[in-house]
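In what follows, a single structure is set out as structure tokens and then discussed.
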Amino acid sequence: MLSRRDFLKLGGVTAVTATAAACSAVGRQVARRDLPESLALPIAPLPGEVTPPVAPIWRLLNRAGYGPRPGDYEQAAALGMEAYLEAQLDPKSIEDTAVDLLTHSLSLYHMDLGELTAQEGKDAARELGISVIGRALYSKRQLYEAMVEFWSDHFNIYLRKNKFMPLLKIVDDREHIRPHALGKFRDLLGASVHSPAMLVYLDNIRNEKNAPNENYARELMELHTLGIHAGYTQRDVQELARALTGWTVRRRGRHEGQVFLNEDSHDFGEKQILGQHFPVGRGKAEIEAALDMLAAHPATADFIAAKLVRRFVADEPLPSLVERVSQTFRETAGDIKALLRVIFLSEEFAAAPVKLKRPFTFMISALRALHTDVRPNRQIIRWLEQLGQLPFFWPPPDGYPDVAPAWASNLLPRWNFALALVHDQIPGAGVPFERLVAAGEAHDSQSVLDLLAGLTLGRALDDETRTLFTKYAGADSLDNPRTQQRLKDAVALMIASPAFQWM
Amino acid sequence: MPNKIYCDEYAQVSRRGFLAGSLQSAAALLFGNQIAALPAWTPRIHLADPHVGPRGDTLVCIFLRGGADGLNIVVPHGDEQYYVSRPTIGISRPDDNKADSRAVDLDGFFGLHPALAPLAEIYRAGDMAFIHATGSPDETRSHFEAMDLMERGAAVSDYTGWLARHLATLDTGSESALRAIGVGDMLPASLSGAVSATALQSIAEYHLQGQDETAGQMQAILHTLYDRDESLLTTTANQAFAAIEMLGQIGTENYQPAGRAYPERELGQALQMTAQLIKADVGVEVACVDLGGWDTHVAQGGAEGIMARNLVELGQGLAAFYEDLGPQMGQVSLVVMSEFGRRVQENGGLGTDHGHGNMMMVMGGGINGGQVYANWPGLHDEQLVGPGDLAITTDYRDVLGSLIRDRLNNPRLADVFPGYVVSDLGLAVPTA
């Protein structure tokens, strides 16, 4: 029997190679190295408390990442919020062998644009799927991956726009989003404007002097920088669209796919954007000046601050925190790391209300909590699709939504995913129950329930919930197949429960 | 061979999808060789201040994927140019000697493909009408752009579907989790952003997975946990439990339709499920069904052949649905549409290429049926548009808009079809 606030012993775990079918090379690598020596049940409920509180570090692991794997909480707790955050803000300092192995296994991902344009879009889409799922699942640079996801929503690209999109998105991910995900906002913005994926996705390749297309200019202001109610006018959109004319993608030849300014279709005339005068004939320098202006605009600081606070703290961003983040944005010229420090070390974060996990985080956090190896495959993609959040498959440019009402109606697939997962009905994803139970030295159903509640929910079950599960699982020996089945059901119920949907 | 006979666009992105069945999943794109429609479930949209009022008919939307050849479905046998342009695949006049291969006359000018003969009876009973030379103004002749535009129902950059906007602008007081269903494993783009739209593959499978013995107990525990959560999720979980409950009560084994049997294939089964849901009164207001296989570039056939076999399924399926629902067809409106029609001139491969204007079908007790609604533009060269296509004289939104307003009781057409003013075709009898 485990006492609360006690440490579970996960000693005695040795490298176990799961069946080859259920376990990828990356998974095996992680399994060998990562099983912890011990596990803590973070917080027990106070007497009379229905739902025990979530520890801020548990919250940090769920929101600035994809939820803890066994042992992550203890490691982070030992470091403390600040040190853990600083380490995460310096991802290069964190060795990440699993992801190195994962990316090594990809092939299109290493090709330059020229090579990529000769490939099949569907192969690129597959590698993007493997990459995004594998990194979320295995990377130790969890905050970095969470920020890549944040910016991938902010600068959304829809893979089904056309058959080349997955190829261009590989470049967008590798060269435009990832290098700047924890850098300066202006650099990220500039990278996105020069991403062939973005110019194609938002139709700027059709934006020409004699036939302007405002689509990209509008979203650049509305979604990427200023935000919708920032006071810009239709005229500003048209003028920015003029500045973007001719920025296009080479359709043929040795440099196919590369972004360039086609001077024949660029409008070199003078422009007036947001009250600022842009003189005749500046060409390439003009769009840089326009981006400087947009990135430095106070509305952009407010807009990005609010979005970050919404993602990481609360659906309804708290004005006091947004203001501090926005101020930091202005003071640091949009230093993303500085913004994240303000957010995660704030009092508001320490006392944050619950956020609903988006479906991708729901799935990945379940897999991580149960130390489950996955080979990303058709079934995993199908599940993400049913859950509602397959990365890079959101058609409009605003990115997957970030608030609970958008996602709350689709619970049945979450419940059934939980059941399918624990009952080994997802090919390529096997939960190592026996290893977890043996490592946790859990010898009866009660202690197994406590162990698994700790792993999935980060806290002990309150008495009422505990009784429900205990009654369901029964008190028979763990050797009894019925008990085993019931305990697996109980874990599925934990993952299906509201406590696991919120973070 | 199969890849070659269809257009390049499909060969690249969708082989089975449009040709043999419904749209494929993204899983197929990522781990197969195909492409999908939308995610199975997409987050909901909110439009301000919906119209509050009682619900009207259940709307059943059948989308023929691939560009169905309307000229061989509702045949303009009174236009001599039709037979000039289609010497091989044309459907012969209703007075032709061969009774089993000639068109079934509708109004002296138009006739139905012989495989659709069962629909002629519904037409004569006044419960079915056809619209011709209709479609979307989109000129791309790209399957994806055309479908996208038609299902969004708006030319502006708005990614919500017209049916989703209909649901969002009509508050019927219904909390049913089954207000909108897409038959299949994913929702069509027309339902993108819909409130509580459910992709429903099978009534029998919409439940908590697990062994029968324990599923009930597990559901009870979940129910308790969600009730105790006292959050937004309490509401939505209860909706899901209600849907499971409602669907669980529908007996799915040994279902006996009231009329003829439904065809065994996909469309027939989808229509049977839809009829079961309507009969069970579980609150379905919109049901979407896809049928692929209409991209007939090559070897389309005439009275017989690839397309005729599809039409048999369509005709038998619609007739079975009509007979099965019987008097309840008075509260059902059904529409059949496709992203575009096909070239007037048959091609060298005895098929037809992507065109423009097309036909639509509407069926239901509230339809002013027994008529073909067409302002016929003619089939002579100078009357055609683009590379030789039927012109569009009736916007498809006039058809859908009539149903939305007159049969579904939603006056908010400007929200459903933003940027478009719906013209009244007199197609439907207003419910009020």
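Could you list, in sequence order, the residues of segment B:239-254 that are open to solvent by less than 50 Å² (accessible area, probe 1.4 Å) and not in a helix (DSSP H, G or I)?
B:I250
Just one of A:E95, A:E127 is away from every other protein chain (no Cβ under 13 Å), under 28 Å from A:L61 (Cα atoms) and modelled with pLDDT of 90 or more; which is it?
Matching residue, one of A:E95, A:E127: A:E95.
Test of understanding: among A:D264, A:D315, A:D335, which residue is open to solvent by 30 Å² or more (accessible area, probe 1.4 Å), under 24 Å from the mean Cα position of the chain (by Cα), charged (D, E, K, R) and more than 17 Å from A:L189 (Cα to Cα)? If you could, list the steps in order and put the result at the bottom.
Numbers: A:D264 fails: under 24 Å from the mean Cα position of the chain (by Cα); A:D335 fails: more than 17 Å from A:L189 (Cα to Cα).
Step by step, each of A:D264, A:D315, A:D335 is checked, and only A:D315 is open to solvent by 30 Å² or more (accessible area, probe 1.4 Å), under 24 Å from the mean Cα position of the chain (by Cα), charged (D, E, K, R) and more than 17 Å from A:L189 (Cα to Cα).
Considering each residue of segment B:198-227, count those that are touching a Ser or Thr at 6+ places or on another chain (Cβ under 8 Å) and either open to solvent by 50 Å² or more (accessible area, probe 1.4 Å) or more than 9 Å from every other protein chain (Cβ to nearest Cβ) (or both), and give that number.
Summing the residues that are touching a Ser or Thr at 6+ places or on another chain (Cβ under 8 Å) and either open to solvent by 50 Å² or more (accessible area, probe 1.4 Å) or more than 9 Å from every other protein chain (Cβ to nearest Cβ) (or both) in segment B:198-227 gives 4.
Considering segment A:401-412 alone, what residues qualify as being within 8 Å of chain B (Cβ to nearest Cβ) and surrounded by fewer than 23 Cβ atoms within 10 Å (Cβ to Cβ)?
A:P401, A:A404, A:P405, A:A406, A:A408, A:L411
Determine whether A:E434 is part of a helix (DSSP H, G or I), facing chain B (nearest Cβ under 10 Å) and without any contact (Cβ under 8 Å) to a residue 12 or more places away in the chain.
no
Filter segment A:213-230 for residues that are touching a residue at least 12 places away in the same chain (Cβ under 8 Å) and open to solvent by 60 Å² or more (accessible area, probe 1.4 Å) and give the result.
In the first step, residues of segment A:213-230 are kept if they are touching a residue at least 12 places away in the same chain (Cβ under 8 Å); the result is A:213-221, A:223-227, A:230.
The answer is A:R218, and nothing else.
Go through A:G246, A:G253, A:G281, A:G257 for me and flag whichever is surrounded by 14 or more Cβ atoms within 10 Å (Cβ to Cβ) and at pLDDT below 95. Spell out the reasoning first.
Working: A:G246 fails: at pLDDT below 95; A:G253 fails: surrounded by 14 or more Cβ atoms within 10 Å (Cβ to Cβ); A:G281 fails: surrounded by 14 or more Cβ atoms within 10 Å (Cβ to Cβ).
After ruling out the rest, the residue left standing is A:G257.
Out of segment B:95-105, which residues are free of Cβ contacts under 8 Å to residues at least 60 places away in the same chain and within 12 Å of B:A117 (Cα to Cα)?
Correct list: B:A99, B:A103, B:V104, B:D105.
Can you tell me which of A:D72, A:D90, A:D96, A:D112 is open to solvent by 30 Å² or more (accessible area, probe 1.4 Å) and either of a type in the set (V, I, T) or closer than 24 Å to A:G428 by Cα (or both)?
Working: A:D90 fails: either of a type in the set (V, I, T) or closer than 24 Å to A:G428 by Cα (or both); A:D96 fails: open to solvent by 30 Å² or more (accessible area, probe 1.4 Å); A:D112 fails: either of a type in the set (V, I, T) or closer than 24 Å to A:G428 by Cα (or both).
When all the criteria are applied, what remains is A:D72.
So which residues in segment B:239-271 are within 25 Å of B:Y322 (Cβ to Cβ) and either aromatic (F, W, Y) or within 14 Å of chain A (Cβ to nearest Cβ) (or both)?
Once the filter is applied, which keeps residues that are within 25 Å of B:Y322 (Cβ to Cβ) and either aromatic (F, W, Y) or within 14 Å of chain A (Cβ to nearest Cβ) (or both), segment B:239-271 yields B:M246, B:L247, B:Y255, B:Y262.
Test A:S105 against the criterion of being within 13 Å of the chain's Cα centre (by Cα), touching a residue at least 60 places away in the same chain (Cβ under 8 Å) and away from chain B (no Cβ under 13 Å), and give yes or no.
No.
In segment B:295-311, what residues are in contact with an Asp or Glu (Cβ under 7 Å, 6 or more places away or on another chain), crowded, with 23+ Cβ neighbours inside 10 Å and not in a helix (DSSP H, G or I)?
Residues satisfying the conditions are B:T296, B:Q300.
Considering (1) surrounded by fewer than 23 Cβ atoms within 10 Å (Cβ to Cβ); (2) under 27 Å from A:E263 (Cα atoms); (3) touching a strand residue (DSSP E or B) at 6+ places or on another chain (Cβ under 8 Å), say which one A:T233 fails and leave the rest.
Looking at each condition in turn, A:T233 falls short on (3).
Could you go through segment B:163-170 and let me know if any residue there is within 12 Å of chain A (Cβ to nearest Cβ) and either over 19 Å from B:Y396 (Cα atoms) or at pLDDT below 75 (or both).
no
Report every pair of residues separated by at least 6 positions or lying on different chains whose Cβ atoms are under 7 Å apart, first residue within segment B:298-309 and of a type in the set (S, T, N, Q), second open to solvent by less than 20 Å² (accessible area, probe 1.4 Å) and part of a helix (DSSP H, G or I).
B:Q300/B:M307
Do we have any residue at all in segment A:380-396 that's over 23 Å from A:D315 (Cα atoms), open to solvent by less than 10 Å² (accessible area, probe 1.4 Å), within 12 Å of chain B (Cβ to nearest Cβ) and aliphatic (A, V, I, L, M)?
Yes: one or more hits.
What are the residues in segment A:274-288 that are touching a residue at least 12 places away in the same chain (Cβ under 8 Å) and under 21 Å from A:A333 (Cα atoms), if any?
A:L274, A:Q276, A:E286, A:I287, A:E288
So that you can scan it fast, the table gives a plain yes or no per residue for (1) within 14 Å of chain B (Cβ to nearest Cβ); (2) closer than 30 Å to A:L452 by Cα; (3) surrounded by fewer than 21 Cβ atoms within 10 Å (Cβ to Cβ):
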| site | (1), (2), (3) |
| --- | --- |
| A:A290 | no, no, no |
| A:A299 | no, no, yes |
| A:F349 | no, yes, no |
| A:K357 | yes, yes, no |
| A:F360 | yes, yes, yes |
| A:D373 | no, yes, no |
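Looking only at segment A:318-332, count every residue that is surrounded by 17 or more Cβ atoms within 10 Å (Cβ to Cβ) and either on the phi > 0 side of the Ramachandran plot or in a helix (DSSP H, G or I) (or both) and tell me the total.
7
Being among the β-branched types (V, I, T) and touching a helix residue (DSSP H, G or I) at 6+ places or on another chain (Cβ under 7 Å) narrows it down to one of B:T235, B:T224, so name that one.
Details: B:T235 fails: touching a helix residue (DSSP H, G or I) at 6+ places or on another chain (Cβ under 7 Å).
Going through B:T235, B:T224 in turn, the sole match is B:T224.
Considering only residues that are touching a helix residue (DSSP H, G or I) at 6+ places or on another chain (Cβ under 6 Å), modelled with pLDDT of 90 or more and not in a loop (DSSP other than H, G, I, E, B), which ones fall in segment A:218-235?
Matches in segment A:218-235: A:T225 only.
When only residues in segment A:474-494 that are away from every other protein chain (no Cβ under 11 Å) and part of a helix (DSSP H, G or I) count, which is nearest to A:G67 (Cα to Cα)?
A:V491
For the condition part of a loop (DSSP other than H, G, I, E, B), surrounded by 22 or more Cβ atoms within 10 Å (Cβ to Cβ), in contact (Cβ under 8 Å) with a residue 12 or more places away in the chain and within 14 Å of another protein chain (Cβ to nearest Cβ), what is the one hit in A:L449, A:L461?
On the way: A:L449 fails: part of a loop (DSSP other than H, G, I, E, B).
Being part of a loop (DSSP other than H, G, I, E, B), surrounded by 22 or more Cβ atoms within 10 Å (Cβ to Cβ), in contact (Cβ under 8 Å) with a residue 12 or more places away in the chain and within 14 Å of another protein chain (Cβ to nearest Cβ) holds for just one of A:L449, A:L461, which is A:L461.
Restricting to segment A:413-424, name every residue that is over 20 Å from B:Q239 (Cα atoms) and more than 7 Å from chain B (Cβ to nearest Cβ).
Once the filter is applied, which keeps residues that are over 20 Å from B:Q239 (Cα atoms) and more than 7 Å from chain B (Cβ to nearest Cβ), segment A:413-424 yields A:L421, A:V422, A:H423, A:D424.
Sort out which residues of segment B:229-238 are in a helix (DSSP H, G or I) and within 7 Å of chain A (Cβ to nearest Cβ), and write them in order of number.
B:D229, B:L232, B:L233, B:T236, B:A237
Is at least one residue of segment B:343-355 under 16 Å from B:F63 (Cα atoms), open to solvent by less than 10 Å² (accessible area, probe 1.4 Å) and at pLDDT 95 or above?
Of all residues in segment B:343-355, those under 16 Å from B:F63 (Cα atoms) come to none.
So far as segment B:343-355 goes, no, none of its residues is under 16 Å from B:F63 (Cα atoms), open to solvent by less than 10 Å² (accessible area, probe 1.4 Å) and at pLDDT 95 or above.
Which is touching an Asp or Glu at 6+ places or on another chain (Cβ under 6 Å) and charged (D, E, K, R), of A:R218, A:R250? Write out each step before concluding.
Working: A:R218 fails: touching an Asp or Glu at 6+ places or on another chain (Cβ under 6 Å).
So the residue among A:R218, A:R250 that is touching an Asp or Glu at 6+ places or on another chain (Cβ under 6 Å) and charged (D, E, K, R) is A:R250.
The values are calculated or read from the model by the stated rules, or taken from the named source; none is laboratory data. Bear in mind the structure is a predicted one, so any value in this text is a computation, not a measurement. Every residue, glycine as well, gets a Cβ built from its backbone with ideal geometry; the counts of neighbours run over all protein chains shown. Just so you know, the surface numbers come from the protein's heavy atoms only, side chains and all, with ligands and any DNA or RNA stripped out. Shrake-Rupley method; radii C 1.70, N 1.55, O 1.52, S 1.80 Å.
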